[in-house]
1. If you filter the range 194-279 for trypsin sites (Lys or Arg not before Pro), then keep DSSP loop positions with at most 15 other Cβ within 10 Å, what is left?
2. Over the Cα atoms of the range 1-109, each weighted equally, I'd like the Debye log10 I(q)/I(0) at q = 0.24 Å⁻¹, rounded to two decimals.
3. Along each of the three principal axes of the Cα atoms of the range 97-179, give the extent in whole Å, ordering the values from largest to smallest.
4. Step through the table entries Lys2/Lys264; Lys232/Lys307; Lys105/Lys264; Lys83/Lys197; Lys28/Lys232; Lys232/Lys310, compare each Cα-Cα distance with 29 Å, and write down the pairs that go over it.
5. Per residue, how much accessible surface does the chain expose to a 1.4 Å probe? Answer in Å², no decimals.
6. What percent of all Cα-Cα pairs in the chain falls into each 20 Å bin, going from 0 up to the bin containing the maximum distance?
7. Between Val280, Gly298, Gly134, whose Cα lies farthest towards the positive end of the dipole of the chain when Lys and Arg beta carbons carry +1 and Asp and Glu beta carbons carry -1, centred on the Cα centre?
8. How large is the accessible surface of Thr120 in square angstrom, using a 1.4 angstrom probe and rounding to the nearest 10?
Amino acid sequence: MKKRANERKPLVNHIFTADPSAHVFDGKIYIYPSHDVAHDCPDDDDGDQYIMEDYHVLSMDNLDSICVDNGLALHQDDIPWVKNQMWAPDAVEVNGKYYLVFPAKDHDGIFRIGVAVADTPVGPFQPQADYIQGSYSIDPCVLKDQDGKIYCYYGGLWGGQLEMWQSGKFDPDARRPEGDDPAIGPMVAEFAETMDKFVTEPKHIQILDENGEPLKAGDEDRRYFEDPWTYKYNGKYYFSYSTGTTHYICYAEGDNPYGPFTYKGRIMEPVLGWTTHHSVVCIDGEWYLFYHDCELSGGITHERCVKYTKLNISEDGTIETIHPYEEE
Ligand code: FUB
């Protein structure tokens, strides 16, 4: 099928954007990205180069129309519990209100997950006074299921601090699992309808191999690193994510929102830049991947740009792997 004119191209180029969570609300496409800040400081493994301070919501009338920046939606200075690093957000509509769900570091330097609310998909969003109790780490994504339950998936290794919670308490010196150790799974908890608390204890999700065994920490081509996303397809739950160090976007299939999920394959090969981050969304009956790379900055890891491309999913849920720079 012919590519659309703006497919695999930066959707906006006046600001740097990353980590796009795309949704269709009332027939219009809304993209909730991080807003990268340009600077010359060096990169490190803790992601200190990602010093984002605010969120802008992008929108498109359809996949061929221009992408509009709707301006400042939420700034870190307006959130009492936040110190810095407003990383990858998501959004959900519940009872006619729009909730922005985002990670940021608190005043102790610990990543937590917060929520802000607005009457429209583009904000401005009013933050809740405190972070969600019991939340930690990064990259929240939200699945509103057909039965009305609202699930929050989250977690990221290294700079995302997920390893530091293995004992149930924050331990900045916790050992990183490796080799044959079981991989650390992403987390899932259920939000209250009021979106101000979790109503279940956060649980680890298991991702299994083809033999039903949990993936190992050393299986870096397949184990979870960060960037969770969930969607439903033909009645099944799909969990997709980034492998971080090996830069793939992979997916796994399950029968239950709590998992376990069985590894199925790769959605996308590596992009230009270290991080890869995505969302999967159905628009007018067809499936699309929203993602980022560093094309706009010529490869600077913290100056990224969001893009989209078509996804080919077969009846049984298998996804054709995307090679982001190859012509179809
Ligand atoms: O944008 C900051 C971090 O980079 C995100 O939280 C990760 O998923 C990676 O994209």
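The values are calculated or read from the model by the stated rules, or taken from the named source; none is laboratory data. Since this is a predicted model, take the numbers as computed values, not measurements. Neighbour counts are summed over all protein chains in view; Cβ atoms, including those assigned to glycine, are modelled from backbone coordinates with ideal geometry. Ligands, DNA and RNA are stripped out before the accessible areas are found, and what is left, the full protein with its side chains, is counted by its heavy atoms. Shrake-Rupley method; radii C 1.70, N 1.55, O 1.52, S 1.80 Å.
1. Those satisfying the criteria are Lys197.
2. Taking Cα atoms of the range 1-109 as identical point scatterers yields -1.40.
3. Extents along the principal axes, in whole Å: 45, 32, 19.
4. The pairs that break the limit, which is 29 Å between Cα atoms, are Lys105/Lys264.
5. On a per-residue basis, the chain sits at 41 Å².
6. 35, 62, 4
7. Farthest towards the positive end: Val280.
8. The accessible area comes out at roughly 60 Å².
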